[in-house]
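Undergrad: Can you keep this structure in mind? I'll have questions shortly.
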Amino acid sequence: MDPRRENATRRASKAGAAAPKVLAQGEKGPRAEPSGPPAALGAAGPKAQKCGPVGASGSLRKKSAPGSTERPQVRARRVRAKKAPLGAEDVVEGLAVPAQKLASPAASGPHLLGTGSRRERDARAAQEQRDLPEPTEVSGLGPLLPASSLRQKGAVPGAWKPRAVLEKLRLRRQEISVAAEIVNRVVDHLLRRLQSCESEFKGVSLLRTGSYYEHVKISAPNEFDIMFKLEVPRIQPEEYGSSGAYYFVKFKRNPKGNPLSQFLEDEILSASKMLFKFRKIIKEEIKNIQDTDVIMQRKKRGSPAVTLLIRKPREISVDIILALESKSSWPASTQEGLPISQWLGTKVKTNLRRQPFYLVPKHAKEGNGFQEETWRLSFSHIEKDLLKSHGHSKTCCETDGVKCCRKDCLKLMKYLLEQLKMKFGHRKELDKFCSYHVKTAFFHVCTQDPQDSQWHTSNLELCFDNCVTYFLECLRIEQLKHYFIPGFNLFSRDQIDKISKEFLSQQIEYERNNGFPIFHEF
């Protein structure tokens, strides 16, 4: 044999012997990363991990059979197993993207993106971690793994800086002060008008809800949610449909002099009539607010909100929602909801369920239209309490307590959806998605990972990835249970069509695989 060929053969043999074995039996090698996201439903996303030093999961679970109804919090543990080829939703996106940035799936073809050796090394490391023996399970805390083994899979290490993004989203104290003063002036004026003697809503009072008051508002204090609650004793909600979320409202008895009698329609308290009168009073009264240029936005079909746009001295959107307050027991459809016993404790859950519940004039879908006399359950006040006291430990995030990254993860999730809706604002696929979907998924992840140590601030990027994984799995299986009404699926096809869910899933997968370029585009 030629000596040169013999030496080459010897070197190749040594290299093959030295190569690390990374594939378990029956498993595939590292995948190639496409420039666009995978097709959503039918494609498993990256495998979810527990957050924090006691939460990483190293176990391999048995794959579900087709058509399985396995819960997202279980399936999300292995959602990273495979990637499907690009779907048909890779369409042309009309907004300009700087040349130095990666092309989005909506702007590029199905060519493969070279990912370099660092990506391959990460894929091998992730595979080696899966080949480790299954760790010991500790009740309530998940499997124990050293912190060094907690590595985000499927994303380029160091490709984005979550702390830098959060700093950009932080509200400035001066901006908050100015915006709050303007909004309070408008709201107080309207409240005095509604409480006047000639108004049918004279018993109304204020309930501040929404992201600003939950301290998870991002970017700018330019959107506020205000609830005007009206206590209505002796009401009898009658469930409409099977979701457990929508109700007809009747009075157990209707004594003379009830100011709401004029809104009755065949003994049913008409949501449409009451909302119409509520809007009319506000529309007339905003003309009398001095030193503020405020107009009423056009009513959105099916929306319970009266949306005001304050144009001067600065532009602020204010959603005012009329809510009926009931101090009776929560409806039966909520019996299995609010699953916080392991997260915040049974005592907290019991105390929260003793609070009133609310009904807002949100119309249920009925065929291609709406049932305009229905009211929908609202627990926005409870959501605010959950975010305020969000730690398993009572001192979580207090001045002398250990800090967690729960709220930071929620802010990043909200920002991700907000940026995608801005980027694809000319398309209809994202119209039906809102921050409430993100918040609901986030609450479920908090239930899934109840310990504060699973949300340590040093593991922000990993915890955020876990939230993204859960949300992607909900999109894939078309199931996102309402946190308070488990029978109500927010991702059912009568709520959001399959094509829209596939589109959002593709965009999130693309962002995740490329270090979230969307966080820096607008």
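Undergrad: Check residue 316 against each of (1) open to solvent by 10 Å² or more (accessible area, probe 1.4 Å); (2) over 30 Å from residue 451 (Cβ atoms) and name the one condition it does not meet.
TA: Answer for residue 316: the failing condition is (1).
Undergrad: Something else now. Can you tell me how many residues in the stretch 439-455 are in contact with a helix residue (DSSP H, G or I) (Cβ under 8 Å, 6 or more places away or on another chain) and outside any helix (DSSP H, G or I)? First the steps, then the outcome.
TA: First pass over the stretch 439-455, keeping only residues in contact with a helix residue (DSSP H, G or I) (Cβ under 8 Å, 6 or more places away or on another chain): 439, 441-449, 454-455.
Within this subset, residues satisfying the condition of being outside any helix (DSSP H, G or I) are 449.
Looking only at that region, the number is 1.
Undergrad: Report, ordered by the first and then the second residue, all pairs with beta carbons closer than 6 Å, sequence separation of six or more or different chains, a first member in the stretch 329-340 that is aliphatic (A, V, I, L, M), and a second member that is open to solvent by less than 30 Å² (accessible area, probe 1.4 Å).
TA: 338/484
Undergrad: Quick one: would you say residue 360 is open to solvent by 50 Å² or more (accessible area, probe 1.4 Å), in contact (Cβ under 8 Å) with a residue 24 or more places away in the chain and out of contact with any Gly (no Cβ under 8 Å at 6 or more places or on another chain)? Can you show your working first?
TA: On the way: open to solvent by 50 Å² or more (accessible area, probe 1.4 Å): no; in contact (Cβ under 8 Å) with a residue 24 or more places away in the chain: yes; out of contact with any Gly (no Cβ under 8 Å at 6 or more places or on another chain): yes.
In short, no.
One line per residue, one yes/no per condition, for (1) out of contact with any helix residue (DSSP H, G or I) (no Cβ under 6 Å at 6 or more places or on another chain); (2) without any contact (Cβ under 8 Å) to a residue 40 or more places away in the chain; (3) crowded, with 19+ Cβ neighbours inside 10 Å:
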position: 239; (1), (2), (3): yes, no, no
position: 247; (1), (2), (3): yes, no, yes
position: 266; (1), (2), (3): yes, yes, no
position: 302; (1), (2), (3): yes, no, no
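Undergrad: Select from the stretch 148-178 the residues that are open to solvent by less than 40 Å² (accessible area, probe 1.4 Å) and at pLDDT 50 or above and list them in ascending order. It would help to see each step written out before you state the result.
TA: The first filter runs over the stretch 148-178 and keeps only residues open to solvent by less than 40 Å² (accessible area, probe 1.4 Å), leaving 149-150, 152-155, 160, 162, 165-166, 169, 171.
Matches in the stretch 148-178: 160, 162, 165, 166, 169, 171.
Undergrad: Of the residues in the stretch 478-497, how many are surrounded by fewer than 21 Cβ atoms within 10 Å (Cβ to Cβ) and within 15 Å of residue 448 (Cβ to Cβ)?
TA: 2
Undergrad: Right, another one. Residue 231: more than 21 Å from residue 380 (Cα to Cα), of a type in the set (Asp, Glu) and modelled with pLDDT of 75 or more, yes or no?
TA: Judged against the criteria, residue 231 is not a match.
Undergrad: Sticking with this one: From (1) of a type in the set (A, V, I, L, M, F, W, C); (2) open to solvent by 50 Å² or more (accessible area, probe 1.4 Å); (3) farther than 18 Å from residue 451 by Cβ, pick out the condition that doesn't hold for residue 420.
TA: (2)
Undergrad: Only one of 480, 475, 430 is within 24 Å of residue 366 (Cα to Cα) and touching a His at 6+ places or on another chain (Cβ under 8 Å). Can you tell me which? Before the answer, list the steps.
TA: On the way: 475 fails: touching a His at 6+ places or on another chain (Cβ under 8 Å); 430 fails: touching a His at 6+ places or on another chain (Cβ under 8 Å).
Result: 480 is the single residue among 480, 475, 430 that is within 24 Å of residue 366 (Cα to Cα) and touching a His at 6+ places or on another chain (Cβ under 8 Å).
Undergrad: Looking only at the stretch 501-517, decide whether some residue is surrounded by fewer than 21 Cβ atoms within 10 Å (Cβ to Cβ) and either touching a Ser or Thr at 6+ places or on another chain (Cβ under 6 Å) or over 27 Å from residue 332 (Cβ atoms) (or both).
TA: yes
Undergrad: Let me ask something additional. Taking residue 438 as the residue in question, decide whether it is in contact (Cβ under 8 Å) with a residue 12 or more places away in the chain and farther than 28 Å from residue 301 by Cα. Quick ask: steps written out before the conclusion?
TA: Details: in contact (Cβ under 8 Å) with a residue 12 or more places away in the chain: yes; farther than 28 Å from residue 301 by Cα: no.
Here the answer is no, as residue 438 does not meet what is asked.
Undergrad: Would it be correct to say that residue 169 is over 17 Å from residue 225 (Cβ atoms) and in contact (Cβ under 8 Å) with a residue 60 or more places away in the chain?
TA: Numbers: over 17 Å from residue 225 (Cβ atoms): yes; in contact (Cβ under 8 Å) with a residue 60 or more places away in the chain: yes.
Spelling it out, residue 169 is indeed over 17 Å from residue 225 (Cβ atoms) and in contact (Cβ under 8 Å) with a residue 60 or more places away in the chain.
Undergrad: So which residues in the stretch 319-350 are open to solvent by 40 Å² or more (accessible area, probe 1.4 Å) and in contact with an Asp or Glu (Cβ under 9 Å, 6 or more places away or on another chain)?
TA: Within the stretch 319-350, the subset open to solvent by 40 Å² or more (accessible area, probe 1.4 Å) is 319, 327-329, 332, 335-336, 339, 341-342, 346-350.
Once the filter is applied, which keeps residues that are open to solvent by 40 Å² or more (accessible area, probe 1.4 Å) and in contact with an Asp or Glu (Cβ under 9 Å, 6 or more places away or on another chain), the stretch 319-350 yields 319, 327, 332, 348.
Undergrad: For the stretch 441-457, name all the residues that are without any contact (Cβ under 8 Å) to a residue 60 or more places away in the chain and in contact with a strand residue (DSSP E or B) (Cβ under 7 Å, 6 or more places away or on another chain).
TA: Of everything in the stretch 441-457, just one residue is without any contact (Cβ under 8 Å) to a residue 60 or more places away in the chain and in contact with a strand residue (DSSP E or B) (Cβ under 7 Å, 6 or more places away or on another chain), namely 457.
Undergrad: Would you call residue 272 hydroxyl-bearing (Ser, Thr, Tyr), in a helix (DSSP H, G or I), within 25 Å of residue 485 (Cβ to Cβ) and out of contact with any strand residue (DSSP E or B) (no Cβ under 6 Å at 6 or more places or on another chain)?
TA: Values: hydroxyl-bearing (Ser, Thr, Tyr): yes; in a helix (DSSP H, G or I): yes; within 25 Å of residue 485 (Cβ to Cβ): yes; out of contact with any strand residue (DSSP E or B) (no Cβ under 6 Å at 6 or more places or on another chain): yes.
When the stated conditions are applied, residue 272 passes them.
Undergrad: If you take the residues in the stretch 201-216 that are touching a Phe, Trp or Tyr at 6+ places or on another chain (Cβ under 9 Å) and open to solvent by 30 Å² or more (accessible area, probe 1.4 Å), which one is modelled with the lowest pLDDT?
TA: 212
Undergrad: Looking at the structure I just gave you, is residue 265 at pLDDT below 90 and within 16 Å of residue 374 (Cβ to Cβ)?
TA: Working: at pLDDT below 90: yes; within 16 Å of residue 374 (Cβ to Cβ): yes.
Here the answer is yes, as residue 265 does meet what is asked.
Undergrad: How many of the residues in the stretch 280-314 are part of a strand (DSSP E or B) and polar (S, T, N, Q)?
TA: 1
The values are calculated or read from the model by the stated rules, or taken from the named source; none is laboratory data. Just so you know, these numbers come straight off a predicted model, no measurement behind them. Every residue, glycine as well, gets a Cβ built from its backbone with ideal geometry; the counts of neighbours run over all protein chains shown. These area figures cover heavy atoms from the full protein model, side chains too; ligands, DNA and RNA do not enter into them. Shrake-Rupley method; radii C 1.70, N 1.55, O 1.52, S 1.80 Å.
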